[in-house]
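Presented below is the structure to which this report refers.
The values are calculated or read from the model by the stated rules, or taken from the named source; none is laboratory data. Note that this is a predicted model, so its numbers are computed, not measured. Because the Cβ atoms are built from the backbone with ideal geometry, glycine has one as well, and the counts that use them run over all protein chains shown.
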Amino acid sequence: MDYSVHPSAIVDEGCKIGKGTKIWHFSHIMPNCEIGENCNIGQNVVISPQVILGNNVKVQNNVSIYTGVICEDDVFLGPSMVFTNVINPRSAVNRRDQYLKTTVKIGASIGANATIVCGHDIGAFAFIGAGAVVTKDVPDYALVIGNPARQTGWMSEYGHKLKFDADGMAVCEESNEKYQLKNNLVTKL
């Protein structure tokens, strides 16, 4: 085994777990999950059946990732954030055949205590603020906050708010990478 699992964690059968991944205290990885290389699964995390996590995904403590979620490489899931997987749950009605898919694209960060309502995708390098409740798709590089989440700006791949000039150009203050805002879409140049 080229990954590590704390003795108090449970990894069910049929899971594929990549090299260098660490699974910490009291976490439960349910059947048939795919977890990439060099992931960190914090304490008390639940990953439901058939969830897919890419490489270098960081899952902080007390996170619930339900069936239907796919996280691409380099995603950060903050403490106690949660995904849903049924849009209209009822205890007495079985809706296991109605799980909606949610994709979190490469490099996105989701803050502590945020909720991602199922069926809404999070764009590449998007930044979801702590406590936000996401009820619609989030574009690449977008910064969203609040309940319901609303876009308040754009973020660089290094996690800095971008300040666009009159020509729609911005530079990340840390990486010096250039970005362009055109037709309400951001691209890195």
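Quick one: in segment 164-176, of everything that is exposed (fewer than 13 other Cβ atoms within 10 Å of the Cβ) and without any contact (Cβ under 8 Å) to a residue 12 or more places away in the chain, which residue is nearest to Phe76 (Cα to Cα)?
Per the criteria, the residue is Asn176.
Would it be correct to say that Ala112 is closer than 24 Å to Asn38 by Cβ and surrounded by fewer than 21 Cβ atoms within 10 Å (Cβ to Cβ)?
For Ala112, the condition - closer than 24 Å to Asn38 by Cβ and surrounded by fewer than 21 Cβ atoms within 10 Å (Cβ to Cβ) - is met.
Conditions tested, residue by residue: (1) under 13 Å from the mean Cα position of the chain (by Cα); (2) in the same structural domain as Val59 (by TED's automatic domain parsing); (3) under 23 Å from Asn56 (Cα atoms).
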| site | (1), (2), (3) |
| --- | --- |
| Ile106 | yes, yes, yes |
| Val117 | yes, yes, no |
| Ile122 | yes, yes, yes |
| Ile128 | yes, yes, yes |
| Leu143 | no, yes, yes |
| Gln151 | no, yes, no |
| Cys172 | no, no, yes |
| Asn183 | no, no, no |
| Val186 | no, no, no |
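Could you list all residues from segment 1-48 that are part of a loop (DSSP other than H, G, I, E, B) and loosely packed, with under 15 Cβ neighbours inside 10 Å?
Met1, Asp2, His6, Pro7, Ser8, Asp12, Glu13, Gly14, Lys19, His25, Pro31
Among the residues of segment 115-138, which ones are crowded, with 17+ Cβ neighbours inside 10 Å and closer than 20 Å to Lys188 by Cβ?
Asp121, Ile122, Gly123, Ala124, Phe125, Ala126, Phe127, Ile128, Val138
Looking for something in contact with an Asp or Glu (Cβ under 8 Å, 6 or more places away or on another chain), farther than 19 Å from Ser27 by Cβ and crowded, with 19+ Cβ neighbours inside 10 Å - is there at least one such residue anywhere in segment 87-102?
Within segment 87-102, one or more residues are in contact with an Asp or Glu (Cβ under 8 Å, 6 or more places away or on another chain), farther than 19 Å from Ser27 by Cβ and crowded, with 19+ Cβ neighbours inside 10 Å.
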